[in-house]
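Where a number appears in this text, it was derived from the coordinates with a stated rule and is not lab data. This structure is a prediction, so every number in the text was calculated from the model and none was measured. Don't worry about glycine lacking a Cβ; one is built from the backbone with ideal geometry, like all the others, and counts go over all protein chains shown.
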Amino acid sequence: MVYTGVLTKMQTEFLEPIQYYLVFENDFIHINQLLNKSIDIKRVGYQCLSCGLDRPIFRQGFCKTCFFEKPLAGDWIMRPELSTAHLGKEDRDLEYEKKVQLQPHIVYLANSSNVKVGVTRKSQVPTRWIDQGAHEALEIVEVPNRYLAGITEVALKDHVADKTNWRTMLKNEIKDEDLLEWKQSLKKYIPEEALPYFIENNKETHLHFPVEKYPEKLKSLNLTKTPHYSGKLVGIKGQYLIFEDNTVFNVRSNEGAVVELQV
Ligand SMILES: [Zn+2]
């Protein structure tokens, strides 16, 4: 079978193990069913996720123009503390920003290679954790807007990591941490404005990824540099496809590539 479409991050289902899907305009590919099978992937073009034009992808699946102009690529996406919709202040498009920023957000702890703090919209739990390849995660606060989540994250960053090591995550060199204990010990650093939203009683979420064999060394595949690759799929973790020859492919960082996928 040959499927053609624009790569966007894999859709997921929180089951045991996690289920992954690639969604193309006319096809829906259940990636778990491709485990232990050969996949041939070829980049045949680009399609910006915003304007749809065949232009080089700059970041987050967007061409350079869209990345710097479209409301869905504003700085507050990556840096939630810069959110201003709660003040009625526009960055690029206030209506859009209100819709995204003025909704419940979660500040969480996730452990994919080490314990880290992060922010996500509540509607993205547990999707965000799946995308990061976290094997365990725990909510710390649930706040009514993105700004409050952002300032909480900034305050906690001085005391816990805010980055993960994707190599460690993919090699599965992980350890279990007591996130409830972490949450309690970080509580004192939560800004006063966010403290009323502290979640007192909750439990860790555990995630299981469909991986048959973890890679020992890693070779990262980038379709811009290497437009054609074939290999046997042995696992899926985070937004990565893991192949038998230690090649790992980050679907998310290749968003906007038009590919021919042969299975
Ligand atoms: Zn564009």
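Regarding GLU153, is this residue among the acidic types (Asp, Glu) and within 24 Å of GLY88 (Cβ to Cβ)? Spell out the reasoning first.
Working: among the acidic types (Asp, Glu): yes; within 24 Å of GLY88 (Cβ to Cβ): yes.
So GLU153 passes the test.
Candidates in region 28-53 are the residues that are part of a loop (DSSP other than H, G, I, E, B) and loosely packed, with under 13 Cβ neighbours inside 10 Å; of these, the one that is farthest from the ligand (Cβ to nearest atom) is ASN36.
Pick from ALA73, ALA110, ALA85: which is within 16 Å of the ligand (Cβ to nearest atom), surrounded by 19 or more Cβ atoms within 10 Å (Cβ to Cβ) and of a type in the set (A, V, I, L, M, F, W, C)? Within the list ALA73, ALA110, ALA85, the selection yields ALA73.
In this structure, GLU193 does not qualify as in a loop (DSSP other than H, G, I, E, B), of a type in the set (D, E, K, R), touching a strand residue (DSSP E or B) at 6+ places or on another chain (Cβ under 9 Å) and surrounded by 13 or more Cβ atoms within 10 Å (Cβ to Cβ). Close contacts from region 233-245, counting a first residue that is among the charged types (D, E, K, R) and a second that is surrounded by fewer than 24 Cβ atoms within 10 Å (Cβ to Cβ) and part of a strand (DSSP E or B), with Cβ to Cβ under 6 Å and a gap of 6+ residues or different chains, come to LYS237/VAL211; GLU244/LYS232; GLU244/VAL234; ASP245/GLY231.
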